[in-house]
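To start, the structure itself, in structure tokens.
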Amino acid sequence: MPDTTRPQPSDKTSEALDPIPLEDTFVFTEPNEAGMSTAMFYAFNTVITLQAFGDANEVRAAMEAARDRCRFFERLFSRTLPHSDIARLNAAAGAETPLHPETFRLLQAAQHYCAESQGTFDVTIGAAGRLWNFHEGVMPSEDALAQAVKHVDWHTLVLREEAGAEESAPQCFARLEDPQASVDAGGIAKGYIADDLTALLSERGVQTFIVNLGGNVVTHGVKPNGAKWKIGVQDPKRKDGILGAIQLGNASAVTSGVYERCFERDGTLYHHILDPRTGMPVETDAAGVTVVADASLDAEGFSTTLVALGIKEGAAFVDAHPQIRSAYFVDHHDRVIQVP
């Protein structure tokens, strides 16, 4: 689980502060008539929204701390920022790379979800994923993908922890046994971060809030009128559309779908959920799924797997994993199937 002591990057893992798009943007809205304050900023290539009830000054200070924490994580987990832990690991050509303990724990979690999914989710999908550009509709050649998937195998990620001196943190390292393998933590990073922000806000005295990391949602507490938070089941085909609503207390809901990043060519939809065996988009009867779990890390860690498995196999997977409170599958005809 995320470290609630909130260590900062060491000199070894953050020698330079890579610029982040819209890094200085932070919009805070004073409490509305219901007493809810809102903060919005940009991180992880998406808009982050925090909403909370409580004293406006305390809430704002906590939300600013959450923003700073997001900057900290982005500089560790980003695949594209050159000084991040993940970028340095990918560029190390098989050499062992020192990591911040937070990155180490994230990669440990990634290995867990790879194992649970039997490789349907693979944190080393980066070798194939980087060949696609879903924003510009760029599709790799069959030969390029065939070569890339030879380097997709989560077993090649080796983690090592070395005990530190008395009262000092352990030293953490990672190595990719395949020098051409490439880690992409995008499939679980926001879940890990959402859990961390939940702990941060709670520690700062904010007890009723919602964290939204671009579709990865955590709710905490109930509203002053006693009502639970309501989260929409995303319409996979329309970003502003919902197909139903879920009531949440202290829980997380994460949505994954084939329409999040995609393009169409010659009547075929190409989406970002890739099959680690082929590097091509998975063929599935699930257009999307919203996963509800106590931990956002579980909700996100299993969401991609459920889309890839499809509705029947995904339902069986849900039944076998009690960490998942429920899953709401959406088929390609906008029908919602709730499991259990």
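Cβ separations smaller than 7 Å between residues 6+ apart or across chains give the following pairs from segment 329-340 residues that are among the acidic types (D, E) to residues that are part of a loop (DSSP other than H, G, I, E, B) and modelled with pLDDT of 95 or more: D331/D285. Out of all the residues in segment 205-247, which are in a loop (DSSP other than H, G, I, E, B) and polar (S, T, N, Q)? If the condition is that a residue be in a loop (DSSP other than H, G, I, E, B) and polar (S, T, N, Q), then Q207, N225 are the ones that fit. For segment 194-228, which positions are in contact with a Lys or Arg (Cβ under 8 Å, 6 or more places away or on another chain) and β-branched (V, I, T)? Selection gives T208, T219, V222. Restricting segment 238-250 to residues that are in contact with a strand residue (DSSP E or B) (Cβ under 6 Å, 6 or more places away or on another chain) and open to solvent by less than 50 Å² (accessible area, probe 1.4 Å), the residue that is farthest from V330 (Cα to Cα) is L248.
Going residue by residue through segment 136-151, is there one that turns out to be within 29 Å of Y42 (Cβ to Cβ), open to solvent by 20 Å² or more (accessible area, probe 1.4 Å), assigned to a strand (DSSP E or B) and at pLDDT below 95? Checking segment 136-151: at least one residue is within 29 Å of Y42 (Cβ to Cβ), open to solvent by 20 Å² or more (accessible area, probe 1.4 Å), assigned to a strand (DSSP E or B) and at pLDDT below 95. Exactly one residue among P276, P322 is more than 26 Å from H220 (Cα to Cα), not in a helix (DSSP H, G or I) and not aromatic (F, W, Y), and that residue is P276. Picking from residues in segment 154-171 that are in contact with a Gly (Cβ under 8 Å, 6 or more places away or on another chain) and open to solvent by less than 60 Å² (accessible area, probe 1.4 Å), the one that is modelled with the lowest pLDDT is P170. A residue that is of a type in the set (S, T, Y) and not in a loop (DSSP other than H, G, I, E, B) occurs nowhere in segment 73-95.
Quick grid of which residues meet (1) in a loop (DSSP other than H, G, I, E, B); (2) open to solvent by 20 Å² or more (accessible area, probe 1.4 Å):
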{"residue": "Y270", "(1), (2)": "no, yes"}
{"residue": "V289", "(1), (2)": "no, no"}
{"residue": "E313", "(1), (2)": "no, yes"}
{"residue": "D334", "(1), (2)": "yes, yes"}
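Checked against (1) within 19 Å of G129 (Cα to Cα); (2) assigned to a helix (DSSP H, G or I), E283 passes all but a single condition, namely (2). Only one entry in A127, A115, A110 is part of a helix (DSSP H, G or I), open to solvent by less than 10 Å² (accessible area, probe 1.4 Å) and more than 13 Å from G186 (Cα to Cα), namely A127. For segment 251-266, the tally of residues that are part of a loop (DSSP other than H, G, I, E, B) and open to solvent by less than 60 Å² (accessible area, probe 1.4 Å) stands at 1. The residues of segment 23-68 that are of a type in the set (A, V, I, L, M, F, W, C), over 23 Å from N225 (Cβ atoms) and assigned to a loop (DSSP other than H, G, I, E, B), listed by number, are F26, F44. When segment 202-237 is limited to residues that are closer than 23 Å to H332 by Cβ and charged (D, E, K, R), the one that is least open to solvent (accessible area, probe 1.4 Å) turns out to be D235.
Residues in segment 172-201 that are open to solvent by 40 Å² or more (accessible area, probe 1.4 Å) and either modelled with pLDDT under 95 or touching a helix residue (DSSP H, G or I) at 6+ places or on another chain (Cβ under 7 Å) (or both): E177, Q180, D184, G186, K190. Looking at segment 152-164, which of its residues are part of a helix (DSSP H, G or I) and either in contact (Cβ under 8 Å) with a residue 40 or more places away in the chain or touching a helix residue (DSSP H, G or I) at 6+ places or on another chain (Cβ under 9 Å) (or both)? Correct list: W154, H155. Taken together, the residues in segment 89-107 that are under 15 Å from D184 (Cβ atoms) and either touching a residue at least 24 places away in the same chain (Cβ under 8 Å) or within 14 Å of the chain's Cα centre (by Cα) (or both) amount to 5.
The values are calculated or read from the model by the stated rules, or taken from the named source; none is laboratory data. Worth saying up front: this structure is predicted, and the values here are computed from it rather than measured. Cβ coordinates were reconstructed from backbone atoms using ideal geometry, including for glycine residues, and neighbour counts include every protein chain displayed. In case anyone asks, the SASA skips ligands and DNA or RNA and just uses the protein heavy atoms, side chains included. Shrake-Rupley method; radii C 1.70, N 1.55, O 1.52, S 1.80 Å.
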